[in-house]
Amino acid sequence: MPTNAPTTAQSDAAAPDTTILDPHQIHSQAAALAAHLQRAGVAFLPQTDPATADEMAAWFLPAEDPQPASQADVPQVASPQAGTPHDGQSQAASQQSPVTGKNAQTPAPASNPAAPASPAAPASPAARPRRSDPVPAFTSIEGPYPGVLLPIADRQSRLDELAADVAACTECKILSDCRTQTVFGEGSVAPRFVFFGEGPGADEDRSGRPFVGKAGQLLTKMIQACKFRREDAYILNTVKCRPPGNRNPDVEEIANCRTYYEQQLTILRPEYIVCLGAISAQELMKTKLSVGRLRGKIHQYMESKVLVTYHPAYLLRNPAAKKAAWDDLQLMMRDAGLL
């Protein structure tokens, strides 16, 4: 019974210790004591998870200056001075606690209520690592943009040269054969904000301009709601040709266009990049996470801050998501000092 555990420990302490106690007996006594304390309302055991299991396993490692194993008080279960249990107990606990988590109650003797100043007491819950703490899903791409910052007067000519290279590109045979024209990008050459989409649609393919269809009209309204004009921003896509049937661009097509959008961003060096939809966000941030996992926070790409939100075409199909998109834009506006 749990109430017998302290009595057993006291009787063992009174008798000369000439043999090593059975580790299984010690475990059962410790578990019984822990159950008794829990029934009494004493909350001292941490939550069972791998992080705390590893921490508790470390409690059983020998101290830098361990006491000789021959001392009679070493194997005592309830002794508050026993900073490290007997070697047999330590090995059994360290082998079982990290694996199953079921023996996480073993360190109960070190938390004996009779000795609150025990040096082996676990850290407070606030200082203990938790698996629920946010963990970065990818490494932010930080650092300066490559090359030199071009004067504003030289940026347009450099973009025009790059646009001519894009117009002559035939790396993607399917896209180059079916396109009407390439869609390079447009807007201010000194933008504070860049809007980064996935690829041209039918309207963009005919006009050669990004985001001019229904989704583009919604994007214009979103930009105006952010308290600046569309022409104050710069708009581009991950790929410069319309995929047939408005399908998503494939991995190879995005890779073929990567150098173009990277050069555009290097020339423009915006303060903020707004990724519209999963394709642009996953490509820029080199991640497989969904928009739902990426939105609601500020990321980093080179010297630019990155915001991920839903594509305007998605918002047209799912109007209920407009509130979430507006929350994302407000997050950016507050960060930019516009709210």
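The values are calculated or read from the model by the stated rules, or taken from the named source; none is laboratory data. This structure is a prediction, so every number in the text was calculated from the model and none was measured. We place every Cβ from the backbone using ideal geometry, glycine too, and count neighbours over all the protein chains shown. Ligands, DNA and RNA are stripped out before the accessible areas are found, and what is left, the full protein with its side chains, is counted by its heavy atoms. Shrake-Rupley method; radii C 1.70, N 1.55, O 1.52, S 1.80 Å.
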Flag if VAL306 is closer than 20 Å to PRO191 by Cα and β-branched (Val, Ile, Thr): yes
When only residues in segment 262-283 that are open to solvent by 10 Å² or more (accessible area, probe 1.4 Å) and outside any loop (DSSP other than H, G, I, E, B) count, which is nearest to TYR145 (Cα to Cα)? THR266
Identity of the residue in segment 175-187, in contact with a helix residue (DSSP H, G or I) (Cβ under 8 Å, 6 or more places away or on another chain) and open to solvent by 30 Å² or more (accessible area, probe 1.4 Å), that ends up nearest to ARG155 (Cα to Cα): GLY187
Name the residue, out of PRO270, PRO249, that is touching a Leu at 6+ places or on another chain (Cβ under 9 Å) and over 17 Å from LEU316 (Cα atoms). PRO249
So the check is Cβ under 9 Å with 6+ separation or different chains; which pairs have a first residue in segment 205-228 that's in contact (Cβ under 8 Å) with a residue 40 or more places away in the chain and a second one that's part of a helix (DSSP H, G or I) and hydroxyl-bearing (Ser, Thr, Tyr)? PHE211/THR220; ALA215/TYR314
I need the full set of residues from segment 146-158 which are hydrophobic (A, V, I, L, M, F, W, C) and either open to solvent by 60 Å² or more (accessible area, probe 1.4 Å) or touching a Phe, Trp or Tyr at 6+ places or on another chain (Cβ under 8 Å) (or both), in order please. VAL148, LEU149, ILE152, ALA153
Test: residue in segment 238-261 that is at pLDDT 95 or above, in a helix (DSSP H, G or I), in contact with a Gly (Cβ under 7 Å, 6 or more places away or on another chain) and buried (at least 19 other Cβ atoms within 10 Å of the Cβ): no
Being under 17 Å from ALA233 (Cα atoms), open to solvent by 20 Å² or more (accessible area, probe 1.4 Å) and of a type in the set (Lys, Arg) narrows it down to one residue among LYS286, LYS323, LYS305; which is it? LYS305
Name the helices (runs of 4 or more DSSP H) wholly inside segment 284-339 in which the number of residues that are of a type in the set (A, V, I, L, M, F, W, C) and under 23 Å from the mean Cα position of the chain (by Cα) is 1 or more. 291-294, 322-336
With among the β-branched types (Val, Ile, Thr) and over 30 Å from GLN181 (Cα atoms) as the only criterion, which of ILE298, ILE279 stands out? ILE298
What number of residues within segment 203-219 satisfy the criterion of being open to solvent by less than 30 Å² (accessible area, probe 1.4 Å) and either outside any helix (DSSP H, G or I) or out of contact with any Pro (no Cβ under 9 Å at 6 or more places or on another chain) (or both)? 5
Taking first residues from segment 323-338 that are free of Cβ contacts under 8 Å to residues at least 24 places away in the same chain and of a type in the set (Lys, Arg) and second residues anywhere that are surrounded by 16 or more Cβ atoms within 10 Å (Cβ to Cβ) and in a helix (DSSP H, G or I), the pairs with Cβ under 6 Å that are 6 or more apart or on different chains are none
Name, by its number, the condition in (1) closer than 28 Å to ARG158 by Cα; (2) out of contact with any Pro (no Cβ under 6 Å at 6 or more places or on another chain) that does not hold for PRO270. (2)
